[in-house]
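Student: Below are the structure tokens for one structure; questions will follow.
The values are calculated or read from the model by the stated rules, or taken from the named source; none is laboratory data. Quantities reported herein were computed from a predicted structural model and do not represent experimental measurements. Ligands, DNA and RNA are excluded from the accessible area calculation, which covers all protein heavy atoms including side chains. Shrake-Rupley method; radii C 1.70, N 1.55, O 1.52, S 1.80 Å.
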Amino acid sequence: MRKPEEKKTVRKTVLMTEALSNEIEEEAKERGIKPNAVMNERLKHPGNDNKPSFMAAVQDFTNKAVKAVAKYSEPEAKALEKEGNKLWTY
């Protein structure tokens with residue numbers, strides 16, 4: 001549950017190019033979220049690829065790779081999992 005101070009919102013007007021607006025709208029549509037959520041995420045993680053959606057995709061990929069490698073080599077799978085976990089550290 002969010003803290004009371006996290007529930008407070010402030011409305012601000014932001015000027016951006018039409019191309020950026022379209023990019024944000026398209027990303028929101030693809031992810032099934034509101035454009036406002038995309039904008040907030042980009043503001044919280046500027047210039048950083050470690051956005052929650054990217055990190056979830058990395059984790060999904062890592063999980064699939066570990067599962068595939070585990071069939072052939074448990075030590076290699078554990079090493080791969082360890083490397084994947086390092087990506088979560090900022």
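Student: Could you list, in sequence order, the residues of segment 33-47 that are open to solvent by 70 Å² or more (accessible area, probe 1.4 Å) and modelled with pLDDT of 90 or more?
Tutor: Matches in segment 33-47: 34, 36.
Student: Another question, if that's okay. How many of the residues making up segment 22-36 are within 16 Å of residue 56 (Cα to Cα) and not in a helix (DSSP H, G or I)?
Tutor: Residues flagged as within 16 Å of residue 56 (Cα to Cα) and not in a helix (DSSP H, G or I) within segment 22-36 amount to 2.
Student: Right, another one. Of everything in segment 1-26, what is open to solvent by less than 100 Å² (accessible area, probe 1.4 Å) and among the polar types (S, T, N, Q)? Give them in sequence order.
Tutor: Answer for segment 1-26, where residues must be open to solvent by less than 100 Å² (accessible area, probe 1.4 Å) and among the polar types (S, T, N, Q): 17, 21, 22.
Student: With respect to residue 64, is the statement that it is open to solvent by 100 Å² or more (accessible area, probe 1.4 Å), at pLDDT 90 or above and either of a type in the set (Asp, Glu) or part of a helix (DSSP H, G or I) (or both) true?
Tutor: Answer is yes for this residue.
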